[in-house]
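J.: Here you go, one structure.
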Amino acid sequence: MDLRAIAMGLAFALMWSSAFSSARIIVADAPPVSALAIRFVISGTLAVLIAARMGQSWRLTPAQWRATAIFGICQNALYLGLNFVAMQTVEASLAAIIASSLPLLVALASWLLLGERIAPLGLAGLVAGMAGVVLIMGTRLTGGADIQGVALAAGGAVALTFATLAVRGATSGGNLLMIVGLQMLVGALALGLWALAFESWQVSWSWQLIAAFTYTTLVPGLLATWVWFALVGRIGAVRAATFHFLNPFLGVAIAALVLGEALRLLDLIGVVVIAGGILAVQLSRRPG
């Protein structure tokens, strides 16, 4: 792995982890589902236009259309939609930690449901990572964290796990940025319909809200996606996914710096355990 790939991986992890703090600012002053739907309209449209300028085609393979639909619903509508709603009552650091368990959930589901073999290092990492998640969630719940909000965030992680398994390999064949943009527009449609039916438009306008929304739309929403696919193209998906072990650290640190959320000792211990578990799982899946 060269220095450029390392820099790209660090940049992606930083941008991905920062999304929870900016989302927390947004949902404090705007309806969460409506705000997310508008974000996807903007970022999805930009992605499609950029992809078209790059020569990418709307003509997708059946597998790519399936990936677009599944990810648009499961990732953009369910995963992020549930997280945005959850962060009305759940701290950004806890939402980031729950979301960071995705590599562990994918490895666990692949082992239990798909019969994939898992090396001893991966199994140890899986057990340790899940133990860290349980430690943090148990500590937060006994400390007064909103149970419904935690359940929504966990449900979002499960939805994204399902999508990851369902479309594994389906995005091969090019047109990646076009697919990403179309996925965002699918998510925008699903979220927009829900928001029109169940949400009221009440916004407390402020410069913080505008800045957080702009940042979320352009940086985690669009730039991080482009960096991720560029990184995967450079070093492969398995090696690129190793950078996910940084997300628990960065999610907690950014929430503390930006939002002033408390750093608890058991949280820090749990974050170290989760990060170590994710790293072990990913290293065990690397080709020899």
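The values are calculated or read from the model by the stated rules, or taken from the named source; none is laboratory data. Not measured: the values here are computed from a predicted model. Cβ coordinates were reconstructed from backbone atoms using ideal geometry, including for glycine residues, and neighbour counts include every protein chain displayed.
J.: Considering 272, 258, which residue is more than 14 Å from the chain's Cα centre (by Cα), in a helix (DSSP H, G or I), surrounded by fewer than 16 Cβ atoms within 10 Å (Cβ to Cβ) and at pLDDT 85 or above?
T.: Values: 258 fails: surrounded by fewer than 16 Cβ atoms within 10 Å (Cβ to Cβ).
Going through 272, 258 in turn, just one is more than 14 Å from the chain's Cα centre (by Cα), in a helix (DSSP H, G or I), surrounded by fewer than 16 Cβ atoms within 10 Å (Cβ to Cβ) and at pLDDT 85 or above: 272.
J.: With the requirement that a residue be surrounded by fewer than 21 Cβ atoms within 10 Å (Cβ to Cβ) and either under 19 Å from residue 259 (Cα atoms) or in contact with a strand residue (DSSP E or B) (Cβ under 9 Å, 6 or more places away or on another chain) (or both), what does the range 86-115 give you?
T.: 88, 89
J.: For the range 117-148, give me the residue count where each residue is basic (Lys, Arg) and in a helix (DSSP H, G or I). Please lay out each step first, then the result.
T.: Of the range 117-148, the ones basic (Lys, Arg) are 117, 140.
Cutting the leftovers down to in a helix (DSSP H, G or I) gives us 140.
Counting residues in the range 117-148 that are basic (Lys, Arg) and in a helix (DSSP H, G or I) gives 1.
J.: Moving on. Select from the range 1-40 the residues that are outside any helix (DSSP H, G or I) and touching an Asp or Glu at 6+ places or on another chain (Cβ under 6 Å) and list them in ascending order.
T.: 31
J.: Within the range 134-152, is there a residue that is at pLDDT 90 or above and touching a helix residue (DSSP H, G or I) at 6+ places or on another chain (Cβ under 6 Å)?
T.: To start, the set of residues in the range 134-152 that are at pLDDT 90 or above comprises 147-152.
Still in the running and touching a helix residue (DSSP H, G or I) at 6+ places or on another chain (Cβ under 6 Å): 149, 152.
For the range 134-152, residues at pLDDT 90 or above and touching a helix residue (DSSP H, G or I) at 6+ places or on another chain (Cβ under 6 Å): present.
J.: Let me ask another. Do you know which residues across the range 89-105 are over 13 Å from residue 284 (Cβ atoms), within 14 Å of the chain's Cα centre (by Cα) and either in a helix (DSSP H, G or I) or at pLDDT 90 or above (or both)? Steps first, answer last, please.
T.: Initially, the range 89-105 is screened for residues over 13 Å from residue 284 (Cβ atoms), giving 89-102, 105.
From what's left, within 14 Å of the chain's Cα centre (by Cα): 92-102, 105.
Passing the criteria: 92, 93, 94, 95, 96, 97, 98, 99, 100, 102, 105.
J.: Moving to a separate point now. What is the residue count in the range 41-88 for residues that are in a helix (DSSP H, G or I), among the polar types (S, T, N, Q) and at pLDDT below 90? Explain how you work it out, then say what you get.
T.: Looking only at the range 41-88, we keep the residues that are in a helix (DSSP H, G or I), and these are 41-53, 62-86.
Then keep just the ones that are among the polar types (S, T, N, Q); that gives 43, 45, 64, 68, 75-76, 83.
Next cut, at pLDDT below 90 only: 64, 68, 75-76.
Selection size over the range 41-88: 4.
J.: Take the residues in the range 116-154 that are under 20 Å from the mean Cα position of the chain (by Cα) and surrounded by fewer than 17 Cβ atoms within 10 Å (Cβ to Cβ); name whichever of them is nearest to residue 242 (Cα to Cα).
T.: Taking the range 116-154 as the starting set, the residues that turn out to be under 20 Å from the mean Cα position of the chain (by Cα) are 126, 129-130, 132-134, 136-137, 148-154.
With the extra rule that they be surrounded by fewer than 17 Cβ atoms within 10 Å (Cβ to Cβ), the set shrinks to 134, 148, 151.
On the way: 134: 22, 148: 31, 151: 26 Å.
Filtering first and then ranking leaves 134.
J.: Now, a different point. Out of 47, 67, 99, 52, report the one residue that is touching a residue at least 40 places away in the same chain (Cβ under 8 Å), among the hydrophobic types (A, V, I, L, M, F, W, C) and out of contact with any helix residue (DSSP H, G or I) (no Cβ under 7 Å at 6 or more places or on another chain). Quick ask: steps written out before the conclusion?
T.: On the way: 47 fails: out of contact with any helix residue (DSSP H, G or I) (no Cβ under 7 Å at 6 or more places or on another chain); 67 fails: out of contact with any helix residue (DSSP H, G or I) (no Cβ under 7 Å at 6 or more places or on another chain); 99 fails: out of contact with any helix residue (DSSP H, G or I) (no Cβ under 7 Å at 6 or more places or on another chain).
Going through 47, 67, 99, 52 in turn, the sole match is 52.
J.: Another question, then. So, of the residues in the range 198-234 that are surrounded by 15 or more Cβ atoms within 10 Å (Cβ to Cβ) and over 20 Å from the mean Cα position of the chain (by Cα), which turns out to be modelled with the highest pLDDT?
T.: Among those residues, the one meeting the criterion is 209.
J.: Pick from 23, 47, 28, 52: which is closer than 23 Å to residue 181 by Cβ, small (Gly, Ala, Ser) and surrounded by fewer than 24 Cβ atoms within 10 Å (Cβ to Cβ)?
T.: On the way: 23 fails: surrounded by fewer than 24 Cβ atoms within 10 Å (Cβ to Cβ); 47 fails: surrounded by fewer than 24 Cβ atoms within 10 Å (Cβ to Cβ); 28 fails: closer than 23 Å to residue 181 by Cβ.
The match here is 52.
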